[in-house]
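S.K.: Could you have a look at this structure, given as structure tokens, before my questions?
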Amino acid sequence: VEARKQYERQRDISRDSGNIAGVINACGALGILHIREKEYADAPLEFEAQEAESRRIGASDGLANALGNRAVLARLQGNRTLAEALLHDKLTLCRETGQTLGMQNALGNLAAIRAEQGDLSSALSMANERAALTRRCRAFRQYYEALIQLSQLETLQGMKTEAERHKLEADALGRQHGFTEIKETNDRQTS
């Protein structure tokens with residue numbers, strides 16, 4: 001409740017002062033808070049404002065976040081088709097603007113959706129791309145999560161050796177960087 005009040009205050013002050021970046025940030029945060037509270041009817045208004053303001057000022061990072069947030073909401077509401085379309089839009093935007101973390105996030109979420117649909121081959125391809133991307137840019141937390149997702153998908157594909165190798169690599173990376181929990185990553189992807 002207190003966090004919501006603070007973000008609402010940030011949004012209002014930012015609007016009044018013309019700080020559009022502050023509005024974009026606050027709207028995204030408020031939408032995520034609505035999702036966490038399962039207030040699915042209120043979240044779209046915040047994400048629509050986040051998207052509209054991002055488009056208005058050409059903030060590609062805010063737009064990528066808005067698309068990802070809308071995709072998370074669509075997926076939670078059972079609309080995988082819309083979620084997938086939004087994630088493809090996010091992935092394209094992030095590729096065009098060089099947003100590596102946005103690209104890996106979109107790939108991880110798309111891989112999860114494809115796995116849910118039973119398209120394990122496509123899911124594995126996206127998970128491999130995500131892992132290579134996060135490794136290359138040395139985004140250790142995201143690489144850790146990508147290795148876990150990759151290991152899970154390889155297990156589903158019967159690729160036991162590869163799955164075990166990626167799980168061990170994730171474990172080592174987790175210990176080295178203080179990531180202590182190994183959990184499903186396909187249901188917590190946001191932004």
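The values are calculated or read from the model by the stated rules, or taken from the named source; none is laboratory data. Bear in mind that the values here come from a model prediction, so they are computed numbers and not experimental data. Here the Cβ is made from the backbone with ideal geometry for all residues, glycine too, and neighbour counts use every protein chain on show. Ligands, DNA and RNA are excluded from the accessible area calculation, which covers all protein heavy atoms including side chains. Shrake-Rupley method; radii C 1.70, N 1.55, O 1.52, S 1.80 Å.
S.K.: Evaluate the distance, in nm, between pseudo-label points positioned 7 Å from the Cα of His177 and of Lys5 along their respective Cα→Cβ axes.
M.R.: Between His177 and Lys5, the label points sit 3.7 nm apart.
S.K.: Using only alpha carbon pairs under 8 Å that are at least six residues apart, calculate the relative contact order of the chain and give it in whole percent.
M.R.: Values: 248 pairs, mean separation 26.8, N = 191.
Rounded, it is 14 percent for the chain.
S.K.: Return the inverse of the average 1/r over all pairs of distinct C-alpha atoms in segment 1-85, which is the Kirkwood hydrodynamic radius, in Å to one decimal.
M.R.: On the way: mean 1/r = 0.0786 Å⁻¹.
About 12.7 Å for segment 1-85.
S.K.: Residues in segment 51-80 near a label at Asp119, defined as backbone nitrogen under 16 Å from the 7 Å Cα→Cβ point?
M.R.: Counting only backbone N, you get 75, 79-80.
S.K.: Sticking with this one: Which residue fluctuates most in the GNM of the chain (Cα springs below 10 Å): His177, His166, His34?
M.R.: Taking springs between Cα atoms under 10 Å, the residue moving most is His177.
S.K.: Continuing with the same structure: So how exposed is Val1, as accessible area in Å² (1.4 Å probe, rounded to 10)?
M.R.: Number for this one is 140 Å².
S.K.: Label segment 45-125 by shape, choosing from rounded, prolate and oblate, from the square roots a ≥ b ≥ c of the eigenvalues of the Cα gyration tensor; if a/c is under 1.5 it is rounded, and otherwise prolate applies when a/b is larger than b/c, oblate when it is not. The partial results should precede the final answer.
M.R.: Working: a/c = 3.16, a/b = 1.48, b/c = 2.14.
Oblate shape, in that a/c is at least 1.5 and b/c is the bigger or equal ratio.
S.K.: What nm distance separates the two modelled labels at Glu39 and Thr100, each placed 7 Å from Cα along Cα→Cβ?
M.R.: Simple spin-label model gives 3.7 nm for this pair.
S.K.: Rounded to the nearest 20 debye, what is the charge dipole size of the chain about its Cα centre when +1 sits on each Lys and Arg Cβ and -1 on each Asp and Glu Cβ? Write down the numbers at each step before the final one.
M.R.: Details: 26 positive and 27 negative charges, 74 e Å.
Taking the Cα centre of the chain as origin, the dipole is about 360 debye.
S.K.: Additional query: From the alpha carbon gyration tensor of segment 67-182, can you work out the equivalent ellipsoid semi-axes (sqrt of 5 times each eigenvalue) and give them in Å, largest to smallest?
M.R.: Numbers: eigenvalues 108, 59, 29 Å².
Whole-Å semi-axes of the equivalent ellipsoid: 23, 17, 12.
S.K.: Between Asn79 and Ala139, what length comes free when the chain is fully extended (0.36 nm per residue of separation minus the Cα-Cα distance, one decimal in nm)? Write out the running numbers ahead of the final one.
M.R.: Numbers: separation 60, 0.36 × 60 = 21.60 nm, distance 3.00 nm.
Residue separation times 0.36 nm, minus the Cα-Cα distance, leaves 18.6 nm.
S.K.: Still on this structure, please answer the following. Mind checking which of Thr155, Thr100, Thr134 has the largest fluctuation in a GNM of the chain, springs on alpha carbons under 10 Å?
M.R.: Thr155
S.K.: Taking 0.36 nm per residue of separation and subtracting the Cα-Cα distance, what length does fully extending Met159 through His88 add? Display every interim value, and only then the final one.
M.R.: On the way: separation 71, 0.36 × 71 = 25.56 nm, distance 2.73 nm.
Working it through step by step, the gained length comes to 22.8 nm.
S.K.: In percent, what relative contact order does segment 12-62 have, based on Cα pairs under 8 Å that are 6 or more apart in sequence?
M.R.: 34
S.K.: Determine how many Å³ per residue the convex hull of the Cα atoms of segment 137-181 encloses. Don't skip to the end; give the middle numbers.
M.R.: Working: hull volume 2.7 nm³, N = 45.
Given the Cα convex hull of segment 137-181, per-residue volume reads 61 Å³.
S.K.: Shifting gears a bit: Rolling a 1.4 angstrom probe over the protein heavy atoms, how many square angstrom per residue are accessible across the chain?
M.R.: Details: 9820 Å² over 191 residues.
That works out to 51 Å² per residue.
S.K.: Can you report the principal axis dimensions of segment 24-65 using only the alpha carbons, biggest first, rounded to whole angstrom?
M.R.: 30, 13, 13
S.K.: Using the Cα atoms of segment 1-149, I'd like the radius of gyration and the largest Cα-Cα distance, Dmax, both in angstrom.
M.R.: 15.9, 50
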